[in-house]
1. If a residue must be β-branched (Val, Ile, Thr) and open to solvent by 10 Å² or more (accessible area, probe 1.4 Å), how many such residues does region 136-163 contain?
2. Could you count how many residues in region 219-251 are free of Cβ contacts under 8 Å to residues at least 60 places away in the same chain, under 30 Å from PRO282 (Cα atoms) and open to solvent by less than 60 Å² (accessible area, probe 1.4 Å)?
3. Give the residues of region 283-306 that are more than 15 Å from the chain's Cα centre (by Cα) and open to solvent by less than 10 Å² (accessible area, probe 1.4 Å), sorted by residue number.
4. For region 57-88, give me the residue count where each residue is within 16 Å of the ligand (Cβ to nearest atom) and either surrounded by 22 or more Cβ atoms within 10 Å (Cβ to Cβ) or farther than 23 Å from LEU14 by Cα (or both).
5. Regarding region 31-51, can at least one residue be identified that is touching a strand residue (DSSP E or B) at 6+ places or on another chain (Cβ under 6 Å), of a type in the set (Lys, Arg) and either open to solvent by 40 Å² or more (accessible area, probe 1.4 Å) or within 16 Å of the ligand (Cβ to nearest atom) (or both)?
6. Cβ-Cβ under 9 Å, sequence separation 6+ or interchain: first residue in region 284-304 and within 15 Å of LYS189 (Cβ to Cβ), partner modelled with pLDDT of 95 or more and small (Gly, Ala, Ser). Which pairs?
7. Mind listing whichever residues of region 260-306 are touching a His at 6+ places or on another chain (Cβ under 8 Å) and either within 18 Å of ASP37 (Cβ to Cβ) or not hydroxyl-bearing (Ser, Thr, Tyr) (or both)?
Amino acid sequence: MKRLMILLLTIAVLGAATLAPADSKIKVVATLPDLADMARHIGGDLVDVSSIATGVEDIHAVPMKPSFATLLNRADVVVLLGLEAEHAFLPALLEAARNPKILRDGPGYIDCSTSVEVLEVPTRIDRALGDIHPMGNPHYNLDPVSMKEAARAIADGLGRNYPEHRAVFEKNLETYVAELDKNIARWEKEAAPLKGKKLVSYHPDLIYFAERFGMEPFGTIEIRAGVPPTPGHIADLEESMRKNKVEFVVRELHYPAGLAETVAQATGAKLVELPAMVGGVPEAKDYISFIDYNLHTMLKAAGASS
Ligand SMILES: [Zn+2]
């Protein structure tokens, strides 16, 4: 099935190859809109950036389309979250794209996770358990401090491929990181009312966000990353949530509403609905407004003004 998918994607690439437009801009393909936004800031006028996933999708289940293989065929660099976050679509698309520059060992493969302090790195990898976070938790895009490392990786990666523009990328990086730092200082101040508060989320993708803003990730509706809940798991979770006074249930918007609502009602916790990527709600139009939206929505749920 996978072979057939790659073959079909490859045919699409070959068919489109002759239609490639001549364009002098550096073609950057990011896997998610958060990284696309950063690549635009760092590349400025020199780059033309697209994103494979949209903010409303689940990064672990982005559907493959022939147009993505074509996009990657023409790409100069690919920018990814890494840690196998893109396992559902990127390896097969890269194989179909027939573009050696952006293969895993190629110069145009920019893995943004290389300097990130990764949380929840497993001591034992057992794929039979169905874990979809084999390299540790890949959802560091919800932590603005970790994303400074991603911004640096993008600037370094672009500079490695286009040394003639390195000074421009470095300068744009400096400006962007300064902007992020200013906002991080504000966010950390604003987050004070959330200190020590416990949250349960549907999937373990709020870990970095929670730790950054002093909250305690208490558990997930899923049994493990990618392993759907059972009635027994939900009953145990609800019981320990009540005992430990968990205040929030976060439903990431790409997960079903019903169960998260039920868990919140059964335990007296507040239901908070958050996007997991830029573009997941109209307000989260870029990376800074995305963190703004999530933090302010959480603060509102906590009854704190924002
Ligand atoms: Zn995940």
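The values are calculated or read from the model by the stated rules, or taken from the named source; none is laboratory data. These numbers were taken from a predicted model, which means no experiment stands behind them. Cβ atoms come from the backbone with ideal geometry, glycine included; neighbour counts cover every protein chain shown. The area values use the complete protein model at the heavy-atom level, side chains included, leaving out ligands, DNA and RNA. Shrake-Rupley method; radii C 1.70, N 1.55, O 1.52, S 1.80 Å.
1. First pass over region 136-163, keeping only residues β-branched (Val, Ile, Thr): 145, 154.
Then drop every residue that is not open to solvent by 10 Å² or more (accessible area, probe 1.4 Å), which leaves 145.
Number satisfying all stated conditions: 1.
2. At the first step, the residues of region 219-251 found to be free of Cβ contacts under 8 Å to residues at least 60 places away in the same chain are 219-223, 228-251.
Adding the requirement that they be under 30 Å from PRO282 (Cα atoms) leaves 219-222, 228-229, 246-251.
With open to solvent by less than 60 Å² (accessible area, probe 1.4 Å) added as a condition, the list becomes 219-222, 229, 246, 248-251.
Of the residues in region 219-251, 10 are free of Cβ contacts under 8 Å to residues at least 60 places away in the same chain, under 30 Å from PRO282 (Cα atoms) and open to solvent by less than 60 Å² (accessible area, probe 1.4 Å).
3. LEU295, MET298, LEU299
4. So in region 57-88, the residues within 16 Å of the ligand (Cβ to nearest atom) come out as 57-62, 80-88.
Checking the rest, the ones that are also either surrounded by 22 or more Cβ atoms within 10 Å (Cβ to Cβ) or farther than 23 Å from LEU14 by Cα (or both) come to 57-61, 80-87.
Number of matching residues: 13.
5. Yes - at least one qualifying residue is present in region 31-51.
6. Partner pairs satisfying both residue conditions: ILE291/ALA284; ASP292/ALA284; LEU295/ALA191; MET298/ALA191; LEU299/ALA191; ALA304/ALA192.
7. Taking region 260-306 and keeping what is touching a His at 6+ places or on another chain (Cβ under 8 Å), we get 276, 280, 306.
Listed by number, the residues that qualify are ALA276, GLY280.
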